[in-house]
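The values are calculated or read from the model by the stated rules, or taken from the named source; none is laboratory data. Given the structure is predicted, the values throughout are model-derived calculations rather than measurements. All Cβ positions, glycine included, derive from the backbone under ideal geometry; neighbour counts span all protein chains shown. Just so you know, the surface numbers come from the protein's heavy atoms only, side chains and all, with ligands and any DNA or RNA stripped out. Shrake-Rupley method; radii C 1.70, N 1.55, O 1.52, S 1.80 Å.
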Amino acid sequence: MTLSQNNHSIAVISDIHSNAYALEAVLHDIDSRGIETIVNLGDTLFGPLDPIKTAELLMERAEIIHIMGNCDRYLLGEQMESITFQYVKPLLTKEMLSWIGSFQKQWTQDDLLFCHGTPFADDVYLLENVAPYGIEDKSANALMIELTGIQQKVIFCGHSHVPKSVWLPDGKLVVNPGSVGLPAYFEETPYPHSMESKTPHAKYVTVKPQGGSWLVEHVLVPYDFEKAARRAEENGRRDYAYAIRTGRAEL
């Protein structure tokens with residue numbers, strides 16, 4: 001039975017980055033809505049808060065569909081200069097690494113496609129371009145060309161941490177649920193840029209069929225982000241703490 005036949009909802013989460021405090025709040029909210037299917041778009045444990053608790057919360061829910069993010073892929077490697085990698089990797093058990101290795105590159109259901117970055121790459125923004133002067137939204141024409149070979153009408157992507165929905169003239173809808181656990185960050189490559197959601201909430205989306213189309217709802221969940229920020233500070237990551245508290249990147 002498909003979603004469109006049984007009016008079934010899906011919750012889409014992404015970019016937890018080891019923030020178990022935010023994840024618990026989001027899972028509680030999803031459960032309170034009676035939603036049984038969850039798709040996680042990736043970048044799950046790569047963060048300086050609580051990767052072990054994050055893994056435990058998700059691994060006990062066998063029904064969750066996990067997509068491989070670029071930061072999940074990094075954790076399957078042996079070496080990386082990143083201080084986040086060097087914090088998280090030694091903590092992971094063989095069971096956790098095997099679980100990460102089982103993540104899918106993408107997943108489709110009915111007229112929906114779920115990926116981390118784009119349907120073609122896990123480390124590229126789908127809705128934005130990074131230019132020497134900062135971030136710019138991709139044009140509708142550029143997106144339509146990029147997604148020409150994609151048959152599904154609704155594409156869910158993560159990676160940028162910025163919640164956004166973009167309707168295209170060809171009828172496709174691209175949805176980024178935002179980040180569960182890291183509402184902003186600063187990145188040096190390919191050019192220095194900040195991605196900011198501008199609120200500290202834990203974010204996700206729900207989707208269900210309605211009237212021959214799809215009802216998509218962006219959800220902002222309040223949680224004890226001060227507790228999460230203190231945990232980041234205890235682990236020496238003031239950048240994470242600032243982002244978690246404010247939804248903005250510290251420059």
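Over the Cα atoms of the range 48-181, what is the Rg over Rh ratio if Rh follows Kirkwood?
Taking Rg over the Kirkwood Rh, I get 1.00.
Kindly work out what percent of the DSSP beta bridges joining two residues of the chain are antiparallel, to the nearest 5.
Details: 27 of 40 bridges.
If I count the DSSP bridges inside the chain, around 70 percent turn out antiparallel.
Grab the Cα-Cα distance for SER213 and GLU95, subtract it from 0.36 nm times how many residues apart they are, and report the gain in nm with one decimal. Intermediate values should be presented prior to the final figure.
Details: separation 118, 0.36 × 118 = 42.48 nm, distance 3.97 nm.
So the chain would gain 38.5 nm between SER213 and GLU95.
Just grab the label-to-label distance for LYS53 and LEU168, each label 7 Å out from Cα along the Cβ direction, in nm (one decimal).
It is 4.0 nm.
Points 7 angstrom from Cα along the Cβ direction at ILE35 and GLU187: gap in nanometres?
Here the modelled spin labels are 2.4 nm apart.
Given +1 on the Cβ of Lys and Arg, -1 on the Cβ of Asp and Glu, and no further charges, what dipole in debye does the range 199-251 carry about its Cα centre, rounded to the nearest 20?
40 debye
Which percentage, to the nearest 5, of the DSSP beta bridges contained in the range 108-213 is antiparallel?
The antiparallel proportion sits near 70 percent.
What is the percent carbon and sulfur in the accessible area of the chain, measuring with a 1.4 Å probe over the protein chains and ignoring ligands?
50 percent
Per residue, what accessible area does the range 139-219 have, given a 1.4 Å probe and all protein chains present, in Å²?
41 Å²
Who wins for biggest fluctuation among THR84, THR118, THR93 in a Gaussian network model of the chain, springs between alpha carbons below 10 Å?
THR93
Pairs of lysine in the chain with Cα under 13 Å and at least 8 positions apart or on different chains: total?
4
Suppose every Lys and Arg Cβ carries +1 and every Asp and Glu Cβ carries -1, with no other charges. What dipole size does the range 149-209 come out with about its Cα centre, to the nearest 20 debye?
The dipole magnitude comes to about 360 debye.
Nearest 0.05, what FRET efficiency do ARG230 and SER82 give at R0 = 25 Å with Cβ-Cβ as r?
0.65
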